[in-house]
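S.K.: Sending over a structure as structure tokens; questions will come in a sec.
The values are calculated or read from the model by the stated rules, or taken from the named source; none is laboratory data. Quick caveat, the model's predicted, so the values are computed rather than measured. Don't worry about glycine lacking a Cβ; one is built from the backbone with ideal geometry, like all the others, and counts go over all protein chains shown.
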Amino acid sequence: MNKTKCFEHFINEKIDSIYRFAYTYMRSREDAEDVVNESVVKALKGIGGLKDEEAIKCWFYRIVANTAVSELRKRGRMIGGDDLFDDVGREDDYSKLNFESMIASLSEDTKAVVVLKCCDNMSFREISEVLAINENTVKTRFYTAVKKLKEDTEL
Amino acid sequence: MYDFLNGSEKIKASEQLKKKVRKQIMKHRIRTTVKMSGVCAAAVVLAFSISVNASQEFAFAMSDIPVLSAVVKVVTFGRYSKTIGGSEANIVIPKLEGLADKELEKTINAELAKDAEELIKEFEIDATKLNEYTNGEGHMGIDSNYIVKTDTDKYYAIDVYVVNMVGSSSSTHKFYTVDRTTKNIVTLKGLFKGGSDYVGRISEYILSEMKRMNKEDGGMFWIDEDDLSFKQISENQNFYINENNELVICFDKYEVAAGAQGSPEFVIPTSVISDILVNGTL
């Protein structure tokens, strides 16, 4: 199967997850759609350079993450990667913690880890590839975030 | 499940987004196919250029030309059916008979056979890989056959099509129009007077029709969206001549419109092009 067909198959299967991943960053339907669409265009342009068809998943999620982050940077909405929690979100009522409040409260890098792990069942190694960060950092971020989120729920 | 995942299942891609993404992929596919087939452009031009004489009287008059079959027709040369995992291919290989120029007939039939052979080869590789890639869950299908579009005293036209189903379906066509009454080579270019801007003239008409259909008939032609919009037909655009002796310009699915539009065909009224047609008529 050629690369475009593999890609098409992948998109057909995963469009909902991909969209959710983009939404995690953008927190707006319209912006998330734009990010997915732009990522598809970028992916098609670069698909010739993709060496291994098996790698489509990580490769494409990474394009989505990069596209989303650069869009957020453009808007000055990007939150530093090392801060686990976004201060703005601290005022939220965590006793009713749900997906929307979770993605509103976590920093970009951390919520990406949580979503990829919990919603997309990615391995820590895969997540480290998608986000281009060290696998141990991924683990630390994940466990710290989940612990914190759980505590907040129980408050 | 963690509480903080509550509501995540509601975040789903809209139909509009799915459509948009499909369109991007189809556009990409068509562009790369066009790029690849550019290499075979010479062969395609040759395939379109069928000179033929099927009239009995003429065959008699030209009896010094050996082996002149009386009837131009398309027959089924071979069939291929195969299932691999969840994928299926049904491919019919056509063969043209009765052309005056036996060398040309041979060339065209060799090309038809080669197209089918490549399709089969591609299917076997793709379906096997898809099967492995998706652990037997993936489906794709290839359906290729021919239709006689026109069978009159003047013209014989066939459409050899390939329908490719992976998720959504796309289709491509190759048309062969045989002129029964002249032995002149017929190509789109050959129908028009030298130096005439047939590309511009036809494109202008098609564009106005697309606009009209988008407005009146719920047409979904891509005309003023972005740089991928329809601008003009190519010099060797797919075409055939219908039973009313009218030129029909053809596009593949997703080439100029949303998939719901199928493979659009535009009948060009002869009055629009009569002044630049070689004989003033078709």
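S.K.: In segment B:186-195, is there at least one residue being part of a helix (DSSP H, G or I) and under 21 Å from B:Asp153 (Cβ atoms)? Don't jump to the end; show me each part of the working.
M.R.: So the first thing to find is which residues in segment B:186-195 are part of a helix (DSSP H, G or I), and the list is B:189-191.
Within this subset, residues satisfying the condition of being under 21 Å from B:Asp153 (Cβ atoms) are B:190-191.
Within segment B:186-195, one or more residues are part of a helix (DSSP H, G or I) and under 21 Å from B:Asp153 (Cβ atoms).
S.K.: Let me ask something else about it. Examine segment B:97-109 for a residue that is of a type in the set (S, T, N, Q), surrounded by 13 or more Cβ atoms within 10 Å (Cβ to Cβ), closer than 26 Å to B:Phe239 by Cα and modelled with pLDDT under 50, and state whether such a residue exists.
M.R.: Within segment B:97-109, none of the residues are of a type in the set (S, T, N, Q), surrounded by 13 or more Cβ atoms within 10 Å (Cβ to Cβ), closer than 26 Å to B:Phe239 by Cα and modelled with pLDDT under 50.
S.K.: Let me ask you something else. With respect to the numbered conditions (1) farther than 21 Å from B:Gly194 by Cβ; (2) under 20 Å from the mean Cα position of the chain (by Cα), which one is the sole condition not fulfilled by B:Ile249?
M.R.: Result: B:Ile249 fails condition (1) only.
S.K.: Let me ask something else about it. If we scan segment A:38-54, do we find a residue that is at pLDDT 85 or above and away from chain B (no Cβ under 14 Å)?
M.R.: Looking for residues that are at pLDDT 85 or above and away from chain B (no Cβ under 14 Å), one finds none in segment A:38-54, hence no.
S.K.: For segment A:64-95, what are the residues that are of a type outside the set (S, T, N, Q) and modelled with pLDDT of 60 or more? Don't jump to the end; show me each part of the working.
M.R.: Residues of segment A:64-95 of a type outside the set (S, T, N, Q): A:64-65, A:68-69, A:71-94.
Passing the criteria: A:Val64, A:Ala65, A:Ala68, A:Val69, A:Glu71, A:Leu72, A:Arg73, A:Lys74, A:Arg75, A:Gly76, A:Arg77, A:Met78.
S.K.: So for segment B:29-46 (the condition being modelled with pLDDT of 70 or more, crowded, with 16+ Cβ neighbours inside 10 Å and within 14 Å of chain A (Cβ to nearest Cβ)), does at least one residue qualify?
M.R.: So far as segment B:29-46 goes, yes, one or more of its residues are modelled with pLDDT of 70 or more, crowded, with 16+ Cβ neighbours inside 10 Å and within 14 Å of chain A (Cβ to nearest Cβ).
For (1) in contact (Cβ under 8 Å) with a residue 24 or more places away in the chain; (2) surrounded by fewer than 16 Cβ atoms within 10 Å (Cβ to Cβ), each residue gets a yes or a no:
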position: B:Leu112; (1), (2): yes, no
position: B:Glu117; (1), (2): no, yes
position: B:Asp153; (1), (2): yes, yes
position: B:Val162; (1), (2): yes, no
position: B:Val178; (1), (2): yes, no
position: B:Val186; (1), (2): yes, no
position: B:Gly190; (1), (2): yes, yes
position: B:Lys193; (1), (2): yes, yes
position: B:Ile202; (1), (2): yes, no
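S.K.: When both residues are 6+ apart or on different chains and their Cβ atoms are under 7 Å apart, which pairs have a first residue that lies in segment B:79-96 and is at pLDDT 90 or above and buried (at least 16 other Cβ atoms within 10 Å of the Cβ), and a second that is of a type in the set (Phe, Trp, Tyr) and not in a strand (DSSP E or B)?
M.R.: Sorted first by the residue in segment B:79-96, then by its partner, the pairs are B:Ala89/B:Phe123.
S.K.: Filter segment A:1-37 for residues that are assigned to a helix (DSSP H, G or I) and of a type in the set (Ser, Thr, Tyr); which is farthest from the other protein chains (Cβ to nearest Cβ)?
M.R.: Restricting to residues being assigned to a helix (DSSP H, G or I) and of a type in the set (Ser, Thr, Tyr), the top hit is A:Tyr25.
S.K.: Condition (residue is under 20 Å from the mean Cα position of the chain (by Cα) and within 14 Å of chain A (Cβ to nearest Cβ)) applied to segment B:97-110: is it met by at least one residue?
M.R.: Checked against the condition, which is being under 20 Å from the mean Cα position of the chain (by Cα) and within 14 Å of chain A (Cβ to nearest Cβ), segment B:97-110 yields no hits at all.
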